[in-house]
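S.K.: Mind having a look at this structure? Questions to follow.
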Amino acid sequence: MSRIRSMRGFLATSVGVTCAAALALPLALPAPAQAGAPARTSEPAAPGSTQSLPLVPLAGTRALGSTASEQGLSRRDVRSFSLVGVVWDNPDSELHGRVQVRTRAAGTTHWSGWQDVETHYSDDAADLDSAERTSGRVRGATAPLWVGASDGVEVRVQATLEAGDERTGVTADSPLPRGMHLELVDPGADPVSAPAGHAEALRAEPASGASGVSAASAVSAVSTGAAAAAGALTAETVEASAANAGLAPLGATEIPALTKQQTERDPATRELPSVQDGERRLQPYIGPRPRIITRRGWGADERLRERGFVYTKKVKAAFVHHTASGNKYSCSQAPSVIRSIYRYHVESSGWRDIGYNFLVDKCGNIYEGRAGGVAKPVMGAHTLGFNTNSMGIAVLGTYGSTKPTRAALRAIARLTAWKLGLYGANPRGKTYLKSGGGNLYRKGKNVRLNVISGHRDGFATECPGRLLYGKLGTARTTAARYQGR
C-alpha cells in the first residue's frame with residue numbers, strides 16, 4: 001500500500017491576534033488518524049514530497065512487536081530524498097535512545113557511514129496550551145538531518161530507557177515511543193522566477209488594510225494560467241507576500257537592506273510604539289534593516305501551511321537555535337535545507353508552519369521563516385514555554401563541536417538589532433517572559449532572561465550547541481552597537 005501524506009491547513013486561533021486571509025514508498029503506511037484532523041490529500045503540483053515508512057523490530061526482536069527495544073529498517077532503495085528524521089504518535093513521549101541512519105548518494109553505489117540523529121527536538125515546539133499544540137495533529141519528532149540527494153536508506157533506533165512514564169506509553173517494558181516512522185523529505189527543485197510582467201503588475205496594486213494589499217485584488221493581477229505553474233504567485237503565495245507589504249514589492253524574493261538612517265526614516269518604523277511617547281517622538285534605537293530572503297525567495301510551498309497568521313503583542317526577546325541538521329550543506333543548498341525543514345515541521349511533525357521566525361545560513365544569509373510578516377510579532381513554535389512575545393532565530397547546522405561562522409554571528413547581530421529595535425528592546429538588556437510550562441520553569445512563572453538568549457536558557461536542552469551559545473555575548477554587544485547604543 002502506498003500513500004502520499006501532505007498537510008492542508010485549517011485556520012488557527014490563539015490567545016494572540018489571529019488574522020486570516022482566506023510518494024510514499026511500498027510498505028509506507030499513513031500516520032494514525034487523529035480526531036478532527038484534516039484530510040491529507042495529494043498536491044501533484046507542489047514541489048517536493050515526503051515518504052513515510054513505519055519502523056519495524058529488527059532481527060532478533062521481532063517477537064516483541066511494537067514493544068521491541070530496537071527498531072528500524074534494513075538497507076533499501078527509495079525515491080530521492082535529502083533530509084531524514086523519525087517521528088512518533090505522542091508528542092509528549094520522549095525518545096530515550098539512539099537514532100542512526102546511513103544513506104546512499106543518489107545515482108551511486110556509495111553508502112555513508114552511520115550518522116547520529118539528534119533525538120531531543122520536541123522542545124522546539126509550540127507552547128503546551130496553544131491551539132497549535134492541542135490541534136491533535138502534532139507528533140513527537142527527532143531533529144531533521146540533512147544528508148544531501150540520496151536514494152537508499154537504512155535506519156536503526158536503539159532504546160536506552162531505564163525508567164519510563166506510563167502516561168506517555170513509554171515504559172521499561174515498551175521503551176520506544178509508539179508509531180515510529182522514518183520520514184524522508186525531498187525539498188523539490190529551487191524556485192523559478194515569476195513570469196515576466198508579474199512583478200510590475202503587482203507593484204501597481206494599491207495598498208489595502210493592515211496587510212497592505214487585499215489577497216483578492218493581488219490575485220487579480222496575476223494571470224490565471226501562469227498562477228497555476230510552479231513558482232508562480234498562487235493565492236497563498238500572494239497572501240504570505242502581502243504580510244510584508246511596505247518592506248518590498250509584493251512577490252519579491254528578498255527584502256532589501258537599508259542603512260540605519262533609512263531604517264529610522266522608514267514610515268513603517270516611525271509608526272511603531274517604540275518610537276512614540278504620547279505626542280513626543282523618541283529617538284529610536286533601531287539597527288539598519290538587513291537583507292532578508294523572503295519565503296518566496298527560498299521557495300516555500302504556501303499550500304502546505306495552515307491558512308492565516310497568528311500574532312502576539314510584541315517582541316521582547318530573541319531565542320537563538322541551531323537546527324541540529326548537520327553542517328554538510330553548501331550555502332547554495334540552504335534554500336533546499338529550509339524547504340525540507342519546513343516540510344518536516346508541517347507534514348511530518350504536524351505544526352502549522354515552519355517553527356522558526358528566521359533562519360540564518362553559514363554564509364550569513366537571513367531567511368524569513370514562519371509566515372506573517374518579518375516586522376510583525378509572529379507567534380512561532382521554537383522555544384517550548386516561551387513563544388509568546390519572542391522570536392526564534394535558527395542557524396542552519398549543528399554547533400556542539402563546530403564553530404559558527406563569523407558571517408552567521410554577524411547576521412544574528414544585524415537581525416536582532418533591527419527586529420528587537422522595532423519593539424524598543426536593548427540587545428544587551430534583560431527582560432521578563434511568562435513561562436507557558438516546560439522542564440526548567442513552571443507554567444505562569446515570570447522568568448528574567450537575556451533579551452538575546454539561547455534556547456537552553458528557556459528549556460533544558462543542548463540547543464543552540466555549546467560553541468554557538470558561547471558566542472551570544474558577542475552577538476549582544478554587536479547588536480547593541482548596530483542600534484547606536
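S.K.: When the range 348-381 is examined, which residues are found to be among the hydrophobic types (A, V, I, L, M, F, W, C), buried (at least 24 other Cβ atoms within 10 Å of the Cβ) and within 18 Å of residue 325 (Cβ to Cβ)?
M.R.: Answer for the range 348-381, where residues must be among the hydrophobic types (A, V, I, L, M, F, W, C), buried (at least 24 other Cβ atoms within 10 Å of the Cβ) and within 18 Å of residue 325 (Cβ to Cβ): 351, 354, 358, 359, 360, 366, 381.
S.K.: Before we move on, is residue 287 within 26 Å of residue 399 (Cβ to Cβ), buried (at least 20 other Cβ atoms within 10 Å of the Cβ) and outside the structural domain of residue 404 (by TED's automatic domain parsing)?
M.R.: yes
S.K.: Name the single residue that is modelled with the highest pLDDT among those in the range 216-254 being more than 17 Å from residue 303 (Cβ to Cβ) and crowded, with 23+ Cβ neighbours inside 10 Å.
M.R.: Taking the candidates together, the pick is 244.
S.K.: Among (1) surrounded by 15 or more Cβ atoms within 10 Å (Cβ to Cβ); (2) touching a strand residue (DSSP E or B) at 6+ places or on another chain (Cβ under 7 Å), where does residue 448 come up short?
M.R.: (1)
S.K.: So which residues in the range 319-335 are more than 30 Å from residue 429 (Cα to Cα) and not in a helix (DSSP H, G or I)? Spell out how you get there, then give the answer.
M.R.: First, pick out the residues of the range 319-335 that are more than 30 Å from residue 429 (Cα to Cα): 325-335.
Listed by number, the residues that qualify are 325, 326, 327, 328, 329, 330.
S.K.: Go through (1) under 21 Å from the mean Cα position of the chain (by Cα); (2) in a helix (DSSP H, G or I); (3) not acidic (Asp, Glu) for residue 467 and report which single condition fails.
M.R.: (1)
S.K.: Please go through the range 382-403 and pick out each residue that is surrounded by 24 or more Cβ atoms within 10 Å (Cβ to Cβ) and closer than 12 Å to residue 321 by Cα.
M.R.: 382, 383, 391, 392, 393, 394, 395, 396, 397, 398, 399
S.K.: In addition: Looking at 85, 72, can you tell me which residue is at pLDDT 90 or above and under 19 Å from the mean Cα position of the chain (by Cα)?
M.R.: Every option except 85 fails the conditions.
S.K.: Report, by residue number, each residue of the range 79-119 that is among the hydroxyl-bearing types (Ser, Thr, Tyr), assigned to a strand (DSSP E or B) and crowded, with 18+ Cβ neighbours inside 10 Å.
M.R.: Correct list: 82, 103.
S.K.: Could you check the range 336-449 for strands (runs of 3 or more DSSP E) lying wholly inside it with 2 or more residues that are farther than 17 Å from residue 311 by Cβ and hydroxyl-bearing (Ser, Thr, Tyr)?
M.R.: So the answer is 430-434.
S.K.: Got a sec? Which of 431, 383, 416 is at pLDDT 95 or above and within 21 Å of residue 470 (Cβ to Cβ)?
M.R.: Among 431, 383, 416, only 416 is at pLDDT 95 or above and within 21 Å of residue 470 (Cβ to Cβ).
S.K.: Can you tell me which residue is nearest to residue 155 (Cα to Cα) among those in the range 170-188 that are at pLDDT 90 or above and of a type in the set (A, V, I, L, M)?
M.R.: Among them, the one singled out is 182.
S.K.: Kindly evaluate residue 285 against the criterion of being touching a helix residue (DSSP H, G or I) at 6+ places or on another chain (Cβ under 7 Å) and modelled with pLDDT under 95. Give the steps one after another, and end with the answer.
M.R.: Working: touching a helix residue (DSSP H, G or I) at 6+ places or on another chain (Cβ under 7 Å): yes; modelled with pLDDT under 95: yes.
Spelling it out, residue 285 is indeed touching a helix residue (DSSP H, G or I) at 6+ places or on another chain (Cβ under 7 Å) and modelled with pLDDT under 95.
S.K.: Still on this structure, please answer the following. Hey, can you tell me all the residues within the range 147-169 that are at pLDDT 95 or above and touching a Leu at 6+ places or on another chain (Cβ under 6 Å)?
M.R.: Residue satisfying the conditions is 155 alone.
The values are calculated or read from the model by the stated rules, or taken from the named source; none is laboratory data. Given the structure is predicted, the values throughout are model-derived calculations rather than measurements. Quick reminder, even Gly has a Cβ in these numbers, built from the backbone with ideal geometry, and neighbours come from all protein chains shown.
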